[in-house]
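Heads up, the thing below is written out as structure tokens.
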Amino acid sequence: MTTPEMTDVEDDLFTKPLKQLKLVFWGPGASGKTTTLRHLSKSLHPLLCSNRIEISTSEDHTLLSDYLAFHIPLHTSTILFHIVATTGQRRLLATRELVATGADGVLFIADSQPDVAGENRRSFEELGAYLEATNQSTPIVIMANKQDLSGSLHPTAVRQHLNASPEIPVFGASALYGTDVKQVFQRFVRDVLIQFVAL
């Protein structure tokens, strides 16, 4: 049975002009990109969000990408966001770059554990080189994940290890428990929309 709420959502999606934006989750292997996507798929309104798609290896590592879509009905249009989480495996850099093509925003998900600081830096440098090579001016937000673990680096220390520029915001979160994930994502979406409106 179709409820008034469902009808309103469907009207927004199908009768207003549709604008589409691509959001990319980038980061080293096992940093929490897929876990973040899983949490968002549960916390976003089910009428605004698609079913999550994961393509993983038998070891539960992302093989190609994970995917989630959601839309925001605005007064004059509907924004459809395609969220793609890239694989973090070193050997699949070319796949990562292919998946990230045309990104309107990048959420870099760093692992806050000190022993993987080098992997974070490598992945962040790969992202920077890719964006520079493709001449993409893309908003970036950094999520310092795994803040729930003992000994995790403070987001300020994660920024320093990444050598990230001061204008890139860095926030702590825990994808495993969902702590602050939605708040970080909302800030990320806000920055993307500001850039989109300015174009």
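For the stretch 9-28: of the residues being assigned to a loop (DSSP other than H, G, I, E, B) and farther than 21 Å from F171 by Cβ, which is modelled with the lowest pLDDT? Give the derivation first.
First, the residues of the stretch 9-28 that are assigned to a loop (DSSP other than H, G, I, E, B): 16-17, 27-28.
Still in the running and farther than 21 Å from F171 by Cβ: 16-17.
On the way: K16: 80, P17: 90.
Ranking the qualifying residues of the stretch 9-28, first place goes to K16.
Based on this model, can you work out whether L162 counts as out of contact with any Leu (no Cβ under 7 Å at 6 or more places or on another chain) and surrounded by fewer than 19 Cβ atoms within 10 Å (Cβ to Cβ)?
Values: out of contact with any Leu (no Cβ under 7 Å at 6 or more places or on another chain): yes; surrounded by fewer than 19 Cβ atoms within 10 Å (Cβ to Cβ): no.
Taking the combined requirement at face value, the residue does not satisfy it.
Return yes or no: is G102 closer than 18 Å to D66 by Cα, in contact with a strand residue (DSSP E or B) (Cβ under 9 Å, 6 or more places away or on another chain), in contact (Cβ under 8 Å) with a residue 40 or more places away in the chain and of a type outside the set (A, V, I, L, M, F, W, C)?
On the way: closer than 18 Å to D66 by Cα: yes; in contact with a strand residue (DSSP E or B) (Cβ under 9 Å, 6 or more places away or on another chain): yes; in contact (Cβ under 8 Å) with a residue 40 or more places away in the chain: yes; of a type outside the set (A, V, I, L, M, F, W, C): yes.
The answer is yes for G102.
Among the residues of the stretch 142-199, which ones are closer than 19 Å to V24 by Cβ and in contact with a His (Cβ under 7 Å, 6 or more places away or on another chain)?
Of everything in the stretch 142-199, those that are closer than 19 Å to V24 by Cβ and in contact with a His (Cβ under 7 Å, 6 or more places away or on another chain) turn out to be A175, V181.
Can you tell me how many residues in the stretch 107-159 are crowded, with 20+ Cβ neighbours inside 10 Å and on the phi > 0 side of the Ramachandran plot?
Of the residues in the stretch 107-159, 1 are crowded, with 20+ Cβ neighbours inside 10 Å and on the phi > 0 side of the Ramachandran plot.
How about the stretch 90-199: which strands (runs of 3 or more DSSP E) wholly inside it have at least 3 residues that are β-branched (V, I, T)?
Result: 140-145.
The values are calculated or read from the model by the stated rules, or taken from the named source; none is laboratory data. A quick note: this is a predicted structure, and the numbers were derived from the prediction, not measured. Glycine also receives a Cβ, built like all others from the backbone with ideal geometry; neighbour counts cover every protein chain displayed.
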